[in-house]
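Encoded as structure tokens, the structure appears first; notes follow it.
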Amino acid sequence: MWTRLAIAFGITATILVAQAIGAVLTGSLALLVDTAHMLTDAGGLLMALIAASLILRPTTAKHTWGMRRAEVLAAALQALILLAVGLYALVIGWQRLLDPPEIPAGSLLVFGIVGLVGNILSLTVLMGDRNANLNLRAAFLEVLNDALGSVAVIVSAIVLSTTGWQQIDTVAALVIAALIVPRAFLILRSAVRILMEAVPAWLDLDDLERHLLENPHVQGIHDLHVTKIGTGLPVLTAHVEVEPECFTDSHADEVLADLRACVRDHFEERIEHTTFQLETSDCSREQPLPHA
């Protein structure tokens, strides 16, 4: 994963410099927005590289989960940068529709093609591991959106050279911005759900409780919590009311094994990290202390 990110970052940083020069030389808003988008790609890939390294760090007495949340924080920051760039482009774009500058179509086409080639190379490198975690998915989607932005730049250059319609550059910039904002929002929402310890979107908590109650020795479930520390690491805790006999006839271990197998095998994503507290109904009637 780290190697793929490093290669993609090198490609993106190189193309970024070329597009920045092109944006200055041509005065194209579409190319400028695409360059800004590629800047966030480069920054995002750099953050993804750092996060990928942090994820591999072992747990410590201070950080008992290690640095698994680093990829989520990196994805959230990438999304915020993308939102800022997209909203800026929308505001400036509407202004330039009224007073479009003259753009050299030939130079715009060349730099658009250079950007697209770089995006395709980066996408090829990232494609194999794009679903491995949220951090890589965010990086892949950023580069994919930027590739679509490069296509918009190329199309605007062709239209400009054939029709002379100068507003097409601004239209292309608005299209690129429209691609950026929704995708950034989706990435940010996914990251915030994890940071706020929401129940994973793929899990129905009521359905989970029904599955757990199917065990004949289980009489009730309470304080059921499921969240995600990071991509691929869902965590479950629950208090499970069982028959008093379970503690005297050696059924407790059997119940625990069955509950763990249930949450590991019955849902879209395996829940490997579980903590079940077995107790009798008398114990569960004790009022818990209020949460701070």
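The values are calculated or read from the model by the stated rules, or taken from the named source; none is laboratory data. Here the structure is a predicted model, which is why all the values come from computation and not from measurement. Note: ideal-geometry Cβ built from the backbone for every residue, glycine included; neighbour counts use all protein chains shown.
How about region 217-266: which of its residues are part of a strand (DSSP E or B) and among the hydroxyl-bearing types (S, T, Y)?
Of everything in region 217-266, those that are part of a strand (DSSP E or B) and among the hydroxyl-bearing types (S, T, Y) turn out to be T227, T237.
State which residue is nearest to A191 (Cα to Cα) when the search covers only region 241-255 and only residues that are crowded, with 16+ Cβ neighbours inside 10 Å and either in contact with a Ser or Thr (Cβ under 9 Å, 6 or more places away or on another chain) or in contact (Cβ under 8 Å) with a residue 60 or more places away in the chain (or both).
E241
Could you say which residue among L32, L49, L54 is part of a helix (DSSP H, G or I) and either in contact with a Lys or Arg (Cβ under 9 Å, 6 or more places away or on another chain) or not assigned by TED's automatic domain parsing to the domain that holds I187 (or both)?
L54
Can you confirm whether region 124-144 contains a residue that is touching a residue at least 40 places away in the same chain (Cβ under 8 Å), assigned to a helix (DSSP H, G or I), out of contact with any Cys (no Cβ under 7 Å at 6 or more places or on another chain) and hydroxyl-bearing (S, T, Y)?
There is no residue in region 124-144 that is touching a residue at least 40 places away in the same chain (Cβ under 8 Å), assigned to a helix (DSSP H, G or I), out of contact with any Cys (no Cβ under 7 Å at 6 or more places or on another chain) and hydroxyl-bearing (S, T, Y).
Would you be able to say whether some residue in region 96-113 is within 30 Å of P234 (Cβ to Cβ), at pLDDT below 80 and either assigned to a helix (DSSP H, G or I) or not β-branched (V, I, T) (or both)?
No, region 96-113 contains no residue that is within 30 Å of P234 (Cβ to Cβ), at pLDDT below 80 and either assigned to a helix (DSSP H, G or I) or not β-branched (V, I, T) (or both).
Could you look through region 153-170, keep only residues that are surrounded by fewer than 24 Cβ atoms within 10 Å (Cβ to Cβ) and touching a residue at least 40 places away in the same chain (Cβ under 8 Å), and pick out the one that is nearest to I92 (Cα to Cα)?
Per the stated criteria, the residue is Q167.
Is it the case, given these coordinates, that A201 is surrounded by fewer than 14 Cβ atoms within 10 Å (Cβ to Cβ) and modelled with pLDDT of 80 or more?
yes
Keeping to region 23-41, report how many residues are at pLDDT 80 or above, surrounded by fewer than 24 Cβ atoms within 10 Å (Cβ to Cβ) and of a type outside the set (V, I, T).
Residues flagged as at pLDDT 80 or above, surrounded by fewer than 24 Cβ atoms within 10 Å (Cβ to Cβ) and of a type outside the set (V, I, T) within region 23-41 amount to 4.
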